[in-house]
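Everything on this sheet refers to the single structure shown next.
The values are calculated or read from the model by the stated rules, or taken from the named source; none is laboratory data. Since the structure is predicted, the reported quantities are computational estimates derived from the model, not experimental observations. Every residue, glycine as well, gets a Cβ built from its backbone with ideal geometry; the counts of neighbours run over all protein chains shown. SASA here: full protein model, heavy atoms, side chains in, ligands and nucleic acids out. Shrake-Rupley method; radii C 1.70, N 1.55, O 1.52, S 1.80 Å.
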Amino acid sequence: GWIRWHKELRSFLHTGTVVYADLADQGADLRGIVASDASRALYAFSQVASASSYPPAPITLPGLDKAARYRVTLAQEPSAVQPSEHGHQHWEHEPLILTGHSLATAGLRPPVLFPEHTALILCERID
């Protein structure tokens, strides 16, 4: 469960760099922690209030190595995210591979969430 998973990630969660992103949607929040060597990152995307648009605007993921490629996945089962009825994005079911530059500039479309729900996004460097 969650305790085992935290133990697996503890080394970088407690030593990494905390990052935040400015989002177009004032009802959303994105914050994360990036490993000191930028080998992986965990972001929490939260819909704190009703979204200002549908579908939600892309979110950018700061702090990654711009030259590296990353595997982007939901860090929990898609069913645990509690999306709205229209909510799943393609990358929620199979990994998305993008560069750190793409994730920091163009970003990706987040899951569609009900207010007061959070999705955890894991990025792992693959090269």
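Observations, loosely collected:
- Surface per residue (accessible, 1.4 Å probe) for the chain, Å²: 55 Å²
- Relative contact order of the chain, pairs being alpha-carbon contacts under 8 Å that are 6 or more residues apart, as %: 30 percent
- Once Cα extents along the principal axes in Å is calculated for the structure shown, the corresponding label among (i) 36, 33, 25; (ii) 49, 40, 22; (iii) 56, 28, 28 turns out to be (i).
- Carbon + sulfur, % of accessible area of the chain - ligands and nucleic acids excluded, 1.4 Å: 52 percent
- Label zone at HIS6 (point 7 Å along Cα-to-Cβ), backbone N below 11 Å, segment 63-77: none
- The slack in the chain from ASP22 to VAL48, taken as 0.36 nm per residue of separation less the alpha-carbon distance, amounts to 8.0 nm.
- Averaging the sequence gap over all C-alpha pairs within less than 8 Å and six or more residues apart, then dividing by the number of residues, gives segment 1-74 a relative contact order of 26 percent.
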